[in-house]
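Reviewing the structure listed below.
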Amino acid sequence: MEHPENDSAYKGLKVNSGVTEAPTINPYLKKRIKRQQYTVSEFVEGILKGNITILSQAVTLVESAKHEHQQIAQEIIERCLPFAGKSIRIGITGVPGAGKSTSIDVFGMHLLKQGHKLAVLAIDPSSERSKGSILGDKTRMETLAKEKDAFIRPSPSAGSLGGVARKTRETIILCEAAGFDSVFVETVGVGQSETAVHSMVDFFLLIQLAGTGDELQGIKRGIMEMADGIVINKADGDNVEKAKLAAAQFRNALHLFPPTDSGWTPKVLTYSGYYNIGIKEIWDMVYEYIAFTKKNGYFDYKRNEQAKYWMYESINDTLRDTFYNNPAVKNMLEQTEQQVLHNEISSFVAAKRMMDLFLENISK
């Protein structure tokens with residue numbers, strides 16, 4: 001529209017048209033590259049060739065809560081299963097701040113220099129309030145993250161450790177099929193996460209610290225009984241003597257526990273992840289354990305027991321999901337919950353009613 005001020009009646013006054021207003025939508029958005037959609041056969045073929053991009057997308061499907069993604073993921077896992085099982089699986093745990101990520105960085109580089117391929121699966125704790133996770137493990141594994149033969153994948157616990165543990169076990173299968181002969185599973189270092197990770201690895205390594213006060217604080221019966229090896233980190237500088245003392249205390253504590261099912265006596269070593277001291281000795285211990293358990297048959301026995309354990313865990317997960325996704329249960333659950341909250345019925349009566357309702361509907 002022309003400005004009326006430019007009319008000849010207004011001599012000496014001129015208004016320019018100005019600049020055309022820029023579009024509010026970024027024109028480059030249309031050019032954004034869309035992620036390629038693969039068929040199950042293409043996924044399997046890419047994984048077996050060691051294609052990291054395809055492996056990452058397959059892991060995303062495994063972690064997805066969508067039903068259609070889960071169906072594709074299960075088919076991929078089933079077809080990759082014959083190519084899995086040839087790696088050494090190592091669980092790594094320790095209290096937050098023990099130096100797990102730094103140690104994994106150093107342990108991993110030791111393996112890569114020997115010609116191995118390594119997958120690191122880190123279970124990252126999620127906020128109970130926001131349900132979010134930082135997923136910053138790669139920033140703490142600076143050297144390893146740059147290596148082409150290393151695959152680092154953090155997964156959020158998202159409040160459901162059991163679900164993440166099952167997905168992590170499935171991810172191990174995909175990584176093994178992709179040619180990774182060593183797998184690290186790092187735990188969140190709190191609560192029941194150790195038990196979940198212990199049920200999917202061959203060797204369970206406990207990282208402890210010295211010089212932080214009461215050394216016996218770290219000697220907890222449950223975690224100590226699960227550990228196949230204990231290592232005291234930060235054994236450098238003024239901390240060397242403290243680390244040796246802590247190691248001696250842990251060795252004494254181990255004598256109080258009953259013999260392990262494997263027949264192996266857990267060792268206690270000291271090292272420094274930061275200064276790369278004592279790493280070879282730790283790996284000598286791991287290889288000694290693997291050779292020992294393979295010789296006495298415990299290695300295969302443990303893997304069979306783990307497979308059976310995860311079969312029952314999967315059954316339990318499926319039953320729980322089927323129950324909560326049942327339309328009749330969904331309709332009645334909130335009402336029944338309110339009755340419990342108002343003391344109209346007990347929790348046990350409410351649970352029985354819901355189970356009866358569920359069984360009634362699935363039998364129809």
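None of the figures in this text is laboratory data; all of them are computed from the coordinates on show. Here the structure is a predicted model, which means the values were calculated and not measured. Cβ: placed from backbone, ideal geometry, glycine included. Neighbour counts: every protein chain shown.
For the range 231-343, what relative contact order do you get, as a whole percent, if you take Cα pairs closer than 8 Å and at least 6 residues apart? Please report the intermediate quantities before stating the final value.
Details: 64 pairs, mean separation 22.7, N = 113.
With pairs under 8 Å counted, the relative contact order is 20 percent.
Could you list, in their original order, any pairs among K66/K167; K86/K148; K146/K234; K117/K308 whose Cα atoms are separated by more than 18 Å?
Beyond 18 Å: K86/K148; K146/K234; K117/K308.
Work out how much length A291 to Q339 would gain on full extension: take 0.36 nm times their residue separation and subtract the Cα-Cα distance, in nm to one decimal.
Taking 0.36 nm per residue and subtracting the Cα distance, the gain is 11.4 nm.
Take the alpha carbon atoms of the range 53-121, find their center, do the same for the range 165-184, and report the distance between the two centers in whole angstrom.
The distance from the Cα centre of the range 53-121 to that of the range 165-184 comes to 4 Å.
Ranked from highest to lowest mean number of other Cβ atoms within 10 Å per residue, what is the order of the peptides 196-203, 292-299, 263-270?
Packing proxy ranking, top to bottom: 196-203, 263-270, 292-299.
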